[in-house]
Amino acid sequence: MRKLLILSDCGERAPELTDEFDVVALSADADEKARLREIADAEVVVGEPSLAELSAAEKLRWVQMTWAGADRYLRGGFPRGVLLTTASGAFGETIAEHALAMLFSLCRRLPAYQKAGKWADLGSEKRIAGGTALIFGCGNLGTEIAKRLRALGVRTIGVCRDARRPRTHFNALTTLRCAEAFLPEADFILCALPSNEETDGYFGEETLSLCKDDAVLINVGRGSLIDLQCLTSLLNAGKFFGVGLDVTEPEPLPPEHPLWKTPNVILTPHVAGVSFGHLPETEEKIWAICRENIQNYIAGRPLRNAVNVP
């Protein structure tokens, strides 16, 4: 019988996905030999196998990820002729909530008050309503962020590949190449971009210097977008009202890094989009995408969230 292998943190708790395949699930702590043995004759893998494991999958036809981003497979080494799909669309709401939690906390100086360790007024806060938000990424994540900010009375400008394509919840659109022109007017800069040659290192010293001195910068996309050395230097020089980072480069951020002790900075360990073992609602959305795509695969229909692997 055809084999479907689940490699995920809660693969052993996966709901019924299909009766067309022999479904095998391995726990996250399964040893390397067991993983290689099971993947060797799998036609479909749900999860994120390493490139080394994929090289041993002789019968593999399709990888369905449980993550939204496929960065790890887009820099070479992914087997030719194998389909790749993601779970994009399952994380937008939870990541948007995380981004807004950071935004509210920074605008109200909550982390600075906590780190001050004393009963002292730290000065005026920053108002959200009436501000302008420049949102890097207009996919599921960026759109969910824009939707919530528009409801708060914020003007939203989206940064995307095709600014001519209409998108809901954005007042205006621009491209990454032209986004620098909008940085000086942005009160809030929220980043939800993938990692690629175009986005890696985009926020270096020159680009960060274009931002308002009292702008709030939040990144819930990929850490490679922002040069942390440049960001740290500018923060020490008084740039930015606040910074919220759920992702960093390097990751994890070393415990001795100065950003951990910077008063107007919030750091979280890449948990904005957590699902398995954290948020059952997001977990169910992931499995719903998996079930839908398995049905499409069996029926020979196009798959949702297909990735064009170079």
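The values are calculated or read from the model by the stated rules, or taken from the named source; none is laboratory data. On a predicted model such as this, the values are computed, not experimentally measured, just so you know. Using ideal geometry, Cβ is built from the backbone for each residue, glycine included, and neighbour counts are taken over all protein chains shown. Heads up: the accessible areas ignore ligands, DNA and RNA and are worked out on the full protein's heavy atoms, side chains in. Shrake-Rupley method; radii C 1.70, N 1.55, O 1.52, S 1.80 Å.
Each Lys or Arg adds one and each Asp or Glu subtracts one; over the other residues with Cβ under 11 Å from the Cβ of SER124, this totals +1.
Along the range 249-261 the Karplus relation, 6.51 cos²θ - 1.76 cosθ + 1.60 evaluated at θ = phi - 60°, assigns HN-Hα couplings of 10, x, 9, x, 6, x, x, 8, 5, x, 5, 4, 10 Hz to successive residues, with x for each Gly and Pro.
Quick check: net charge around ARG155, other residues with Cβ under 10 Å of its Cβ, Lys/Arg +1 and Asp/Glu -1? Its environment carries a net charge of -1. For the residues HIS270, HIS278, HIS98, a 1.4 Å probe over the protein chains yields an accessible-area ranking, largest first, of HIS278, HIS270, HIS98. For a 4.7 Å threshold on C-beta separation, the list of partnerless cysteines in the chain reads CYS10, CYS107, CYS178, CYS191, CYS211, CYS230, CYS290. Rounded to the nearest 500, the 222 nm mean residue ellipticity of the chain from helices alone is -8000 deg cm²/dmol, with -39,500 (n - 2.57) taken per DSSP H run of at least 4 residues.
With Cα atoms defining each centre, the range 70-96 and the range 143-193 are spaced 23 Å apart in the structure.
When only C-alpha pairs under 8 Å and at least 6 residues apart count, what is the relative contact order of the range 102-259, in percent? After rounding, I find 20 percent.
Taken as Cα centroids, the range 259-310 and the range 1-35 sit 18 Å apart, rounded to the nearest whole angstrom. For semi-axes √(5λ) of the Cα gyration tensor in Å, the value calculated from this model appears in (1) 38, 21, 18; (2) 32, 23, 17; (3) 55, 19, 18 under label (1).
Near ARG75: Cβ cut-off under 12 Å, other residues only, Lys/Arg at +1 and Asp/Glu at -1. The net charge is -2. For the range 16-141, the relative contact order comes to 17 percent (Cα pairs under 8 Å, sequence separation of at least 6).
Binning the C-alpha pair distances of the range 35-131 at 5 Å intervals from 0 yields a P(r) profile of 2, 11, 16, 13, 9, 7, 7, 7, 8, 8, 7, 3, 1 %, listed from the shortest bin outward. The phi-based Karplus calculation (6.51 cos²θ - 1.76 cosθ + 1.60; θ = phi - 60°) puts the 3J(HN,Hα) values of the range 274-286 at 4, 9, 4, x, 10, 10, x, 5, 5, 4, 5, 5, 5 Hz, whole numbers, x for Gly and Pro.
Applying 1/(1 + (r/R0)^6) with r as the Cβ-Cβ distance of ARG301 and LEU51 and R0 = 22 angstrom yields a FRET efficiency of 0.20. Normalised per residue, the accessible area of the chain is 49 Å², obtained with a 1.4 Å probe and no contribution from ligands, DNA or RNA. Once the GluC sites (Glu not before Pro) in DSSP loops with at most 15 neighbouring Cβ atoms within 10 Å are cut out of the chain, the longest remaining piece is 126-196. On the range 217-274, 59 percent of the accessible area sits on carbon and sulfur atoms, based on a 1.4 Å probe. Strictly over 18 Å apart at the Cα level, which of LYS126/LYS147; LYS118/LYS261; LYS147/LYS212 would you flag in this model? From the list (LYS126/LYS147; LYS118/LYS261; LYS147/LYS212), the Cα-Cα distance tops 18 Å for LYS126/LYS147; LYS147/LYS212. Legend: calculated FRET efficiency, ARG127 to ALA237, from the Cβ-Cβ distance at R0 = 30 Å, rounded to 0.05, equals 0.80.
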